[in-house]
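The values are calculated or read from the model by the stated rules, or taken from the named source; none is laboratory data. Everything numeric here is computed off the predicted structure, so don't read it as measured data. Don't worry about glycine lacking a Cβ; one is built from the backbone with ideal geometry, like all the others, and counts go over all protein chains shown. Heavy atoms of the whole protein, side chains included, go into the accessibility calculation; ligands, DNA and RNA do not. Shrake-Rupley method; radii C 1.70, N 1.55, O 1.52, S 1.80 Å.
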Amino acid sequence: MPDSVPMNDASAPLEDPQEGMSRRAFVAMGTALVGAVYGAAIGYPVYRYLSTPARRAASAAAVTQVDLPGADKLEIGSAMMFKFGTKPALLIHHKDDTWVALDAVCTHLGCTVQFEPEQDRIYCACHGGVYDPRTGENVAGPPPKPLTKFNVEVSDGQVVVRRA
Amino acid sequence: MDKSSSAVRNSGLVASAYTWLDERLGLDEIIAFARHKTVPQHKHSFWYYWGGISLFFFIVQCLTGVLLLVYYRPGPEAYDSVRQITYDIEFGWLIRSAHSWSANLMVLAVFVHMFSVYLMKAYRKPREFGWWSGLGLLGIVMVFGFSGYLLPMDELAYFATKVGLEIPASMPVIGPFIADLLRGGPEVNEITIQRFFALHVVVLPALFLPLLMFHLWLVQKHGNAVPPSEEEKPEALRRSMPFFPNFLAKDLAMWLIALNALALLASLFPWDLGPQADALSPAPVGIHPEWYFMSQFQVLKVFGRWFPGMTGELLGIGMFTIAGVVWGLIPLYDRDSKLAMRARIATWIGFAAIAGLILLTIWGYAEV
Ligand code: HEM
Ligand code: FES
């Protein structure tokens with residue numbers, strides 16, 4: 001391209017071909033460095049922007065205690081769902097008047113489990129996982145681990161659930 | 001073939017990958033097409049960058065727009081969601097500010113680009129379609145700006161849209177129907193937001209992108225026009241550089257400057273969010289449209305003052321329509337440098353248009 005006006009032409013003949021190479025490498029490295037700085041300066045705010053809800057959820061999930069006003073009226077032999085942080089959880093009032101609170105997220109692939117009073121079991125409809133409704137132990141089906149158990153404190157007018 | 005691409009071809013793996021792709025996609029043809037254009041070098045070369053700068057801001061609009069889309073909710077929650085983006089989501093204020101600033105800079109760049117190609121007489125044969133598609137792009141850009149302005153639904157957005165839609169409404173016979181269609185009823189409300197939203201993020205990009213491709217393809221095909229002062233010089237005295245990669249590298253350097261300017265403006269002067277629009281509260285004093293609608297706004301205002309009733313509006317709209325048609329037909333009038341008289345008149349019209357727009361805009365701001 002003889003008719004062109006060279007602009008910073010790195011391929012222009014230099015006295016020392018060795019030096020020509022290193023100059024080209026230097027320019028390439030500088031460009032990459034500046035590019036990385038700009039990439040980070042743009043990428044960081046964009047990442048913070050997009051991940052704000054995830055960070056908020058993480059701090060919401062960090063709760064250690066949930067108060068359930070009126071839950072002490074829960075009928076014997078029945079259960080209710082509530083939110084512990086961001087996740088569903090299960091409060092069961094057993095027939096023998098004991099209270100149990102369990103994480104309601106199946107340890108297999110994350111479906112929400114349900115309490116079946118007639119069969120006195122916790123069942124996951126997705127792949128037929130079964131848990132013990134008093135201990136949270138995984139007793140049948142695919143679940144690999146027990147459901148996490150919470151501490152329950154029943155008082156007049158409310159139930160308080162705490163991370164064990 | 002220059003050194004860099006033959007070097008690419010010689011280095012083993014890269015070479016075979018290139019050949020594999022080239023045999024299937026015809027990369028050589030694409031590169032040849034990119035290389036065939038040269039950019040003239042002369043004292044007005046600076047103006048060749050403005051199309052590229054417009055393009056840069058358009059790309060910024062696409063990227064920041066998608067980011068805003070992540071949290072923006074049209075309809076009754078619109079204001080709330082913008083409030084959330086501005087004050088609640090981390091760096092949301094910056095994304096929003098960048099989108100608003102870049103929108104204004106883009107309109108500015110497009111105007112500079114248009115007037116510079118006008119004065120270089122780049123609309124002459126064979127570039128007429130470049131001119132017309134460019135005018136189409138400008139029209140779409142202004143509708144982008146108008147529709148986007150309503151989306152936060154703060155006080156300013158609300159009244160600017162209300163007033164702006166009075167312009168189509170004042171057209172004879174069909175005016176009221178068109179205004180009702182745009183508003184989705186007699187009032188500007190959440191229904192209006194919803195349809196402006198559809199316009200802003202779906203319809204306008206769908207129209208803009210193919211037109212932009214057409215425009216850029218034409219530029220690549222015909223190359224840049226040289227201004228008349230350069231055309232007079234003998235061939236031997238004219239200089240040029242290949243578009244690819246030399247001018248492209250300079251284009252990218254310009255983009256870097258544009259990026260830095262945008263970053264400074266967006267972070268040092270964060271875009272404001274006014275109080276929520278309230279249909280029952282009176283319009284705030286000094287309400288006025290965005291600067292690029294100011295000249296039209298001012299003409300309507302002044303004509304409304306001079307002529308009774310709707311006559312003023314009608315005359316104003318008529319004037320702008322005629323000016324637009326003349327502006328569009330210029331390539332058919334000023335066809336050839338041999339028609340010296342026409343060339344001079346066209347240049348004069350160009351300067352008159354620039355001066356007129358600037359004066360009307362200043363006048364408009366002086367009166368708010
Ligand atoms: C929205 C935005 C637009 C974009 C992104 C855009 C982009 C470009 C680019 C990248 C170029 C090549 C570089 C240059 O000559 O500056 C160009 C050339 C051109 N544009 Fe645009 N443009 C836009 C709007 C317009 C408008 C509004 C007009 C005029 C009505 C226009 C008319 C032209 C013409 C005639 C050329 C050829 C210039 C020459 O050959 O010297 N463009 N455009
Ligand atoms: S997800 Fe519960 S058994 Fe598979």
Inter-label distance, nm, simple model (7 Å from Cα along the C-beta direction), A:Ser155/B:His222: 8.2
Nearest 10 degrees is fine. How inclined is helix A:17-61 to the longest principal axis of chain A, computing both from alpha carbons? 20
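To one decimal place, what Kirkwood hydrodynamic radius in Å is obtained for the stretch B:314-368 from all pairs of distinct Cα atoms? Write out the running numbers ahead of the final one.
Details: mean 1/r = 0.0784 Å⁻¹.
When all Cα pairs of the stretch B:314-368 are included, the Kirkwood radius is 12.8 Å.
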Find the centroid of the Cα atoms in the stretch A:101-149 and in the stretch B:205-281, then give the distance between the two in whole Å. 61
Between A:Ala125 and A:Ile42, the FRET efficiency computed from the C-beta separation at R0 = 41 Å comes out, to the nearest 0.05, as 0.35
Residues losing 30 Å² or more accessible surface upon assembly, the stretch A:30-52, compared with the chain by itself, 1.4 Å: A:Tyr38, A:Pro45, A:Val46, A:Arg48, A:Tyr49, A:Leu50, A:Thr52
Calculated from backbone phi, Karplus (6.51, -1.76, 1.60) coupling profile of the stretch B:101-118 in Hz, x at Gly/Pro: 5, 5, 4, 5, 5, 5, 4, 4, 4, 5, 5, 4, 4, 5, 5, 6, 5, 4
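Taking 0.36 nm per intervening residue step and subtracting the Cα-Cα distance, what contour gain separates B:His44 from B:Ile257 on full extension? Write out the running numbers ahead of the final one.
Values: separation 213, 0.36 × 213 = 76.68 nm, distance 1.91 nm.
Full-extension gain reported as 74.8 nm.
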Taking 8 Å as the Cα distance limit and 6 or more residues as the minimum spacing, I'd like the relative contact order of the stretch B:14-287 as a percentage. 35
Plugging the Cβ-Cβ distance of B:Ala283 and B:Val203 into 1/(1 + (r/R0)^6) at R0 = 35 Å yields, to the nearest 0.05, a FRET efficiency of 0.75
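Give me the percent of the accessible area of chain A that comes from carbon and sulfur atoms, probe 1.4 Å, all protein chains in place. Please list the in-between numbers first.
On the way: 5860 of 9910 Å².
In chain A, the share of accessible area belonging to carbon and sulfur is 59 percent.
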Per principal axis, largest first, the Cα atoms of the stretch A:72-164 extend in Å by 39, 29, 17
Shape verdict for the stretch B:14-287, please, from the Cα gyration tensor: rounded (a/c under 1.5), prolate (a/b greater than b/c) or oblate. prolate
Measure nothing fancy, just the Cα-based angle from helix B:128-150's long axis to the longest principal axis of chain B, in degrees from 0 to 90, nearest 10. 40
Taking only C-alpha positions in chain A, Rg and Dmax in angstrom work out to 30.6, 96
With a 1.4 Å probe and every protein chain left in place, work out the accessible area per residue of the stretch B:14-287 in Å², rounded to a whole number. 50
Between chains A and B, total accessible area buried, probe 1.4 Å, no ligands or nucleic acids, nearest 100 Å², roughly 1800
A:Lys73, B:Lys301, B:Lys221, B:Lys338, ranked by accessible area, largest first (probe 1.4 Å): B:Lys338, A:Lys73, B:Lys221, B:Lys301
Helix B:248-268 sits off the longest principal axis of the Cα atoms of chain B, rounded to the nearest 10 on a 0 to 90 degree scale, by 30
Approximate spin-label separation B:Val326-B:Val66, in nm, with each point projected 7 Å along Cα-to-Cβ: 4.4
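Ignoring ligands, DNA and RNA, please state the percent of accessible area on chain B from carbon and sulfur, probe 1.4 Å.
Values: 14080 of 19410 Å².
On chain B, the fraction of accessible area on carbon and sulfur atoms equals 73 percent.
At 1.4 Å probe radius, can you tell me the per residue accessible area of chain A in Å²?
Solvent-accessible surface per residue comes out at 60 Å².
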Rounded D (µm²/s) - the protein assembly as shown, Kirkwood Rh over Cα pairs, Stokes-Einstein at 37 °C, 0.692 mPa s: 113
